[in-house]
Amino acid sequence: MGKTLFEKIWDKHVVKNIEGGPSVLYIDRHFIHEVTSPQAFGGLEKRGLKAFRPKQVVATADHNVPTLDQHLPIKEELSRLQVQKLKENCEKFGIELYGLGHPFQGIVHVIGPELGITQPGMTIVCGDSHTSTHGAFGCMAFGIGTSEVEMVLATQCLMQSKPKLMRINVEGTLNKGVVSKDIVLYIISKISASGATGYAVEFAGSAIRNLSMEARMTICNMSIEMGARCGMIGADETTFNYIKGRLFAPPAGGEEWDKALAYWKTLHTDEDAVFDKEINIKAEDIEPMITYGTNPGMGIGVTGHVPALNEIDEKEKPSFQKSLQYMGLQPGINIKGKKVDYVFIGSCTNSRIEDLRMVASFVKGKKKADDVEVWIVPGSKQVEKQAMEEGIHKIFEEAGFMLRQPGCSACLAMNEDKIPAGKYAVSTSNRNFEGRQGPGARTFLASPLTAAAAAITGEVADVREMMP
Amino acid sequence: MSDNNNKSVFQNTPSGNGFKSTVVPIAIENVDTDQIIPARFLKATSREGFGKNLFRDWRYENDDETQPKKDFVLNNPTYTGKILVGGKNFGSGSSREHAAWAIKDYGFDVVVSSFFADIFKNNALNNFLLPVTVSEGFLHKIFAAVEKDPKTELEVNLPEQTITLVSTGEKESFDINNYKKTCLLNGYDDIDYLLSMKQTIEEFETANK
């Protein structure tokens, strides 16, 4: 019997199977950032340990960095100390740091792929649940806690139980105005925020194959929002073309590249491999999506309505009502036309150059609505630079959008970029949890296109009506 | 708040003895780690002290410790204990281990739910906080029993892998892998284990160059 992509990578990385327990898994690449690493380094120091393979670790500062005036010292004291601590730890333990001011700095899940550090077949971890992003390259990539960060720093290994395997097939052609973010929001709305818990998920089918690497990353990024251990997509020509020529990729045309490519070409699920569960989705059924509640599974098509109370299972009613109360929404209402105060385009889900290009081509010649504040936060210094080179920043400026500097920003509001209490934001990020974008902030998750439409109209809008 | 961090309450339990406690119920589904500990409290560089901000925004009005929300269970002195019981899909979202630290630091040693998010479960186990997965039916029995009598006790027996509603004697068994069970019963952590097999790891690296 053939193997799945997951099994191919898993089997190649098992150092040891513990009887009646987890497996010891070898980790190829480890990304770290300022928020979930200090206690791990503290643990190493307490035990008198060095980093075992510091060259396989890459660090950046992203979670709590300001997105304005990055050349100045960070104003907020605790953030400044945490970023400083990361710098000290990286120096002490011999780890490469792309910190503030470095031309490679950016959101950890944006810089890994764009620098060519992320390569097919790797096991990749980071103390961040959106590490699943890297699975778009045919990798096994997942988020870990700080104790596990310490384990990987100390031994380059982790204890993991083998998850069950799920394949989600999306077949067909996407409708006008529908992009990869809509695909993943649609899937989560169908299977729920816990629908893939305990599973590693492979995304497959013609609609996935036809996506660019950036679009694939958006989908794998949100695997964790359906509870999946990791999300992955088989490596193909799109993958190889993206990696070719990137800084840390094997030099194109050389012997090393040929050898790598030969291996990468095996990184797909075999025809006769078997999954524990398969889900089939028709691309044609997907319309531009938006969430109305406080978990990413609470999503609907933009022309749809918030479920009425009689559409909700009796047991789920208390959670549903709590959620709508937080959002200040009534059951059964249409979401389209709802007034919006903020638009945030950024985060590890949607801050890559392709996302900014998509927004720019839509808003070119348009202006934002008067009472909406629009923040565009590029995923990295390189994305920012590219946007400037392409003149995208001018389009944003003319539209009245504010182009800020790279970081996680209002996705989790650890820095000053917070949506005020009670205000509504259409956000391209990944989580609409209570308080996620600031205490009391109310989040509608959507694609960059739907977010741009909200910026122009000042309300939740159907982007299809605004497209030629 | 307690000095409950990094200690296994199950260590050196005489076999056959369960861990008995009253419970604190949070009958909400999809309790994500942003609720357990909001991101703005993740700026510390040590593991201690997160308990005081556990469920911060559900606990206080306007982020103000002098304005406790009366209807939130942690502010209700009727409910105390070392076992936290949450609705389905507990610990979803962010991988922040600070969520497990906050729960443990507050003084809990066991979390019960019908379904845990993967990363949270690992984080909990790595901090000697035992996640006990029960059936949906049993979970609702616990919530109902606690609503009727806040002094309701649960008994968690790790060696036997059972959880019992003490008042009625109703019992369920729960899963935990043998390795993790041994860790909790002996106070071992994964790093000790991984460090002990460094040579095997180096051999693996050489073989896979």
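If the elastic network links every pair of Cα atoms under 10 Å, which of B:Arg56, B:Arg47, B:Arg96 fluctuates the most in the Gaussian network model of chain B?
Checking each option, the largest mean-square fluctuation is seen for B:Arg47.
Other chains near A:406-418: what is the mean number of their Cβ atoms within 10 Å of each residue's Cβ?
Whole-number average of other-chain Cβ neighbours for A:406-418 is 2.
Output ³J(HN,Hα) for region A:4-15: one whole-Hz value per residue in order, computed from phi by the Karplus curve 6.51 cos²θ - 1.76 cosθ + 1.60 with θ = phi - 60°, and x for Gly and Pro.
My calculation for region A:4-15 gives 7, 3, 4, 4, 4, 6, 4, 4, 6, 10, 6, 7 Hz in order.
At 222 nm, what value in deg cm²/dmol follows for chain A if DSSP H runs of at least 4 each add -39500 (n - 2.57) and the sum is divided by all its residues, to the nearest 500?
-9000 deg cm²/dmol
Using Cα centres only, tell me the gap between region A:353-420 and region A:169-221 in whole Å.
Their Cα centres are 24 Å away from one another.
Pick out which of B:Ile83, B:Ile103, B:Ile26 has the largest mean-square fluctuation in a Gaussian network model of chain B, springs linking Cα atoms closer than 10 Å.
Taking springs between Cα atoms under 10 Å, the residue moving most is B:Ile26.
Around A:Glu459, which amide H atoms from residues at least 5 apart in sequence, or from another chain, sit under 5 Å from its own amide H, with H modelled in the peptide plane?
A:Val340
Would region B:1-102 count as rounded, prolate or oblate if I go by the C-alpha gyration tensor, calling it rounded below 1.5 in a/c and otherwise prolate when a/b exceeds b/c, oblate otherwise?
prolate
Please figure out what share of the DSSP beta bridges in chain B is antiparallel and state it in percent, rounded to the nearest 5. Could you put the intermediate results ahead of the total?
On the way: 13 of 26 bridges.
Antiparallel bridges: around 50 percent, rounded to the nearest 5.
Which helices, taking whole DSSP H runs in chain B, have alpha carbons extending 15 angstrom or more along the helix axis plus mean Kyte-Doolittle at least 0.0?
B:136-148
Could you work out, residue by residue across A:66-74, how many beta carbons of other chains sit within 10 Å of that residue's beta carbon, and then give the average as an integer?
Other-chain Cβ atoms within 10 Å of each residue's Cβ, averaged: 0.
To check you understand DSSP bridge types, tell me what percent of the beta bridges within chain A (both residues inside) are antiparallel, rounded to 5.
25 percent
Which of B:Thr168, B:Thr33, B:Thr182 ends up with the largest GNM mean-square fluctuation for chain B, with Cα atoms connected below 10 Å?
Top of the fluctuation ranking is B:Thr168.
What ranking do B:Phe108, A:Phe362 get, fewest neighbouring Cβ atoms within 10 angstrom at the top? Display every interim value, and only then the final one.
Numbers: B:Phe108 25, A:Phe362 22.
Fewest-to-most Cβ neighbours within 10 Å comes out as A:Phe362, B:Phe108.
If you place +1 on the Cβ of every Lys and Arg, -1 on the Cβ of every Asp and Glu, and leave all else neutral, what size is the dipole of chain B about its Cα centre, to the nearest 20 Debye?
Values: 23 positive and 30 negative charges, 47 e Å.
The calculation lands at about 220 debye.
How large is ³J(HN,Hα), in whole Hz, for each residue of region A:116-124 in order, when computed from phi with the Karplus curve 6.51 cos²θ - 1.76 cosθ + 1.60 and θ = phi - 60°, using x for Gly and Pro?
These are the phi-based 3J(HN,Hα) values: x, 6, 6, 9, x, x, 7, 9, 10 Hz.
Quick check: net charge around A:Ala235, other residues with Cβ under 13 Å of its Cβ, Lys/Arg +1 and Asp/Glu -1?
Within the 13 Å Cβ shell, the charges total +2.
Can you find, among A:Asn310, A:Asn280, A:Gly440, the residue sitting farthest towards the positive end of the charge dipole of the protein assembly as shown, where Lys and Arg contribute +1 and Asp and Glu -1 at Cβ?
After comparing all options, I get A:Gly440.
Find the centroid of the Cα atoms in region A:254-323 and in region B:19-89, then give the distance between the two in whole Å.
Region A:254-323 and region B:19-89 have Cα centres spaced 30 Å from each other.
Starting from the Cα of A:Lys164, draw a straight line to each of the lysines and keep only those under 17 Å, dropping any in the same chain fewer than 8 residues away.
A:Lys3, A:Lys8, A:Lys277, B:Lys121
Work out from phi, with θ = phi - 60° and the Karplus expression 6.51 cos²θ - 1.76 cosθ + 1.60, the ³J(HN,Hα) of each residue of region A:278-287, listed in order in whole Hz, and give x for Gly and Pro.
With coefficients 6.51, -1.76 and 1.60, one gets 10, 10, 10, 10, 8, 4, 5, 6, 8, 10 Hz.
Amide H to amide H under 5 Å from A:Phe444: which residues, 5+ apart in sequence or cross-chain, H placed 1.01 Å off N in plane?
So A:Phe444 has HN proximity to A:Ala425, A:Val426, A:Ser427.
Once you have a ≥ b ≥ c as the square roots of the Cα gyration tensor eigenvalues for chain B, tell me rounded if a/c is under 1.5, and otherwise prolate or oblate according to whether a/b is larger than b/c.
It comes out oblate by the Cα gyration axes.
Amide H of B:Val24: which non-local residues (sequence gap of 5 or more, or other chain) have their own amide H closer than 5 Å, using H built in the peptide plane?
For B:Val24, whose amide H was placed from the backbone, the distant partners under 5 Å are B:Ile83, B:Leu84, B:Val85.
Which whole number of Å³ per residue matches the convex hull of the alpha-carbon atoms in chain A?
Per residue, the Cα convex hull of chain A comes to 153 Å³.
Which order results if B:Asp63, A:Asp417 are arranged by neighbouring Cβ count within 10 Å, fewest first?
Numbers: B:Asp63 15, A:Asp417 23.
Ranked by crowding around the Cβ, least crowded first: B:Asp63, A:Asp417.
What GluC sites (Glu not before Pro) does region B:41-126 have in DSSP loop regions with at most 12 other beta carbons within 10 Å?
Qualifying residues, ordered by number: B:Glu65.
Can you put A:His305, A:His268 in order of Cβ neighbours within 10 angstrom, beginning with the fewest?
Least to most surrounded, the residues fall as A:His305, A:His268.
Find the relative contact order for chain A and round it to a whole percent, using C-alpha pairs within less than 8 Å whose residues are 6+ positions apart.
17 percent
Let me know the shape class of region A:92-167, please: from the alpha-carbon gyration tensor, a ≥ b ≥ c as square roots of the eigenvalues, rounded when a/c is under 1.5, otherwise prolate if a/b is greater than b/c, or oblate. Let's see the in-between values first.
Working: a/c = 2.17, a/b = 1.27, b/c = 1.70.
Oblate shape, in that a/c is at least 1.5 and b/c is the bigger or equal ratio.
Select from region B:114-188 those trypsin sites (Lys or Arg not before Pro) which occupy a DSSP coil region and have at most 16 other Cβ atoms within 10 Å, ordered by residue number. Please list the in-between numbers first.
Details: sites: B:Lys121, B:Lys141, B:Lys148, B:Lys151, B:Lys171, B:Lys180, B:Lys181; in loops: B:Lys151.
Hits after loop and neighbour filter: B:Lys151.
Give the distance, in whole Å, between the Cα centre of region A:63-112 and the Cα centre of region B:156-173.
Using only Cα atoms, the two centres lie 48 Å from each other.
Where a number appears in this text, it was derived from the coordinates with a stated rule and is not lab data. Bear in mind that the values here come from a model prediction, so they are computed numbers and not experimental data. Cβ coordinates were reconstructed from backbone atoms using ideal geometry, including for glycine residues, and neighbour counts include every protein chain displayed.
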